Amino acid sequence: MATLKITWLAIVVAVAALGGWIAQRFASGAGYGAPVLHWTSLITMGAVSLLALVLGIRVLRYRQGKSKNPIDPIMAARTLVLAQAGAYGGAVIGGWHLGILVDFLAVGSTGSPALVSCIVMMIGALVMVIVGFVVEHFCKIPPEETDGPSTPHQRRDTKGETEGYATRAH
């Protein structure tokens, strides 16, 4: 399974920020309020982050040998997917509110409750991204040791010694 990439998360933040900025421009031009999430959204964001963290800690404890209860590999994979989805969701939410925040600051609207809501949502989104990275680290499986050249990235040379090599396109 692919790991979280900071560059992809940055791209998601940038695209969401552009979308949030455009939406804010249209909303303010039409006389509507800022399209920010309500503070109650923090409950959902916190629940996703907490669930991912609790399940990730359970996987980590099993990996470290501190838990005698076996972990279902599918559950561990689902925990990883939840953590990654939370990180990407946090990137979207944070980027959206970043775009709105940029528009607020550009027009000099610094005292509005929507501005405070943007900042709070961005902090919550950052927590989601951080939890995603932490739980992904908890779910990493150490590489297995092999006795021979049974892995596809190893071969035997003419002297019978095993050496690693990168896969090449032929």
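Observations
- To the nearest 10, the accessible area of Trp21 is 100 Å² with a 1.4 Å probe.
- Environment charge at Lys68 (Cβ cut-off 15 Å; Lys +1, Arg +1, Asp -1, Glu -1): +3
- Averaging the sequence gap over all C-alpha pairs within less than 8 Å and six or more residues apart, then dividing by the number of residues, gives the stretch 39-139 a relative contact order of 46 percent.
- Sulfur and carbon atoms: percent of accessible area, the stretch 39-139 [1.4 Å]: 74
- Within the shell of other residues whose beta carbon sits under 15 angstrom from the beta carbon of Pro35, the net charge comes to 0, with Lys and Arg scored +1 and Asp and Glu -1.
- Summing charges over all other residues whose Cβ lies under 11 Å from the Cβ of Ala87, with Lys and Arg as +1 and Asp and Glu as -1, gives 0.
- By a 1.4 Å probe calculation restricted to protein chains, Leu82 has an accessible surface near 50 Å², given to the nearest 10.
- Nearest-10 value in Å² for the accessible area of Thr7, using the 1.4 Å probe: 90
- Accessible area per residue in Å² at 1.4 Å probe, computed on the stretch 39-139: 53
The values are calculated or read from the model by the stated rules, or taken from the named source; none is laboratory data. Remember, predicted model here, so these are calculated numbers, not experimental data. Don't worry about glycine lacking a Cβ; one is built from the backbone with ideal geometry, like all the others, and counts go over all protein chains shown. Note: accessible area is taken over every heavy atom of the protein model, side chains too, but ligands, DNA and RNA are not part of it. Shrake-Rupley method; radii C 1.70, N 1.55, O 1.52, S 1.80 Å.
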